[in-house]
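The values are calculated or read from the model by the stated rules, or taken from the named source; none is laboratory data. This structure is a prediction, so every number in the text was calculated from the model and none was measured. Don't worry about glycine lacking a Cβ; one is built from the backbone with ideal geometry, like all the others, and counts go over all protein chains shown. The protein model used for the area step is the full one, side chains on, heavy atoms only, and it has no ligands, DNA or RNA in it. Shrake-Rupley method; radii C 1.70, N 1.55, O 1.52, S 1.80 Å.
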Amino acid sequence: MLFRSGRNALYRFGPGGGTATAPLATLDVPLFDMAFDSQGNLWATTGGGPLVQLDPDTGAIVGRYGDGVTLGMAATPGGTTLYIAGSGGVRIFDLTTRAFRPFSDVRVNGLAIDGDGRLWGTTWPDGGQIVRFDSRGRAEVMADVGKPA
């Protein structure tokens, strides 16, 4: 997979921030979104490649799963799944089986889970809408902020 360099360096910062000096790791894939799951495993999206699992101590890739994983990701609090933005919509990644299953055909670039456990997203590639998903993957437009310039 070819990509523009600059998104593939991983740095470690303390709670107070700091200055980016030497990267913890330089990877062969770009990084777009990162999240820890409920068991402390670190995951990252790659902008069209696989979902990658990273060693949080070394930054090394310890697992690659699927393809077409685009930008956003959200871990279910205390759960065993990740919601993943993919080229065909939102998918669910099962942390136990390490398998994907479809959730919604709505394409998004950002994902988040609110305090009530509901999944939210920002539409992509057209942009401008904030959607909330029901348990069946149907998206309801909650705000239309217009297309970016």
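Overview of results
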read-out	value
Residues that are within 27 Å of Asn8 (Cβ to Cβ) and open to solvent by less than 50 Å² (accessible area, probe 1.4 Å), drawn from the stretch 100-111	Val108, Gly110, Leu111
Residue match in the stretch 83-99 (condition: open to solvent by 30 Å² or more (accessible area, probe 1.4 Å), at pLDDT 95 or above and hydrophobic (A, V, I, L, M, F, W, C))	yes
Filter result (of a type in the set (Gly, Ala, Ser), within 18 Å of Asp33 (Cβ to Cβ) and either part of a strand (DSSP E or B) or under 13 Å from the mean Cα position of the chain (by Cα) (or both)) within the stretch 75-121	Ala75, Ala85, Gly86, Ser87, Gly89, Ser104, Gly110, Ala112, Gly121
Asp134 acidic (Asp, Glu), open to solvent by 70 Å² or more (accessible area, probe 1.4 Å) and modelled with pLDDT of 95 or more	no
For Gln39: the one exception among (1) in contact (Cβ under 8 Å) with a residue 40 or more places away in the chain; (2) surrounded by fewer than 16 Cβ atoms within 10 Å (Cβ to Cβ); (3) closer than 26 Å to Thr122 by Cα	(3)
So Val29, is it of a type in the set (Val, Ile, Thr), in a loop (DSSP other than H, G, I, E, B) and buried (at least 16 other Cβ atoms within 10 Å of the Cβ)	yes
Scope the stretch 57-79; condition modelled with pLDDT of 95 or more, over 20 Å from Gly110 (Cα atoms) and either in contact with a Ser or Thr (Cβ under 7 Å, 6 or more places away or on another chain) or crowded, with 16+ Cβ neighbours inside 10 Å (or both); matching residues	Gly59, Ile61
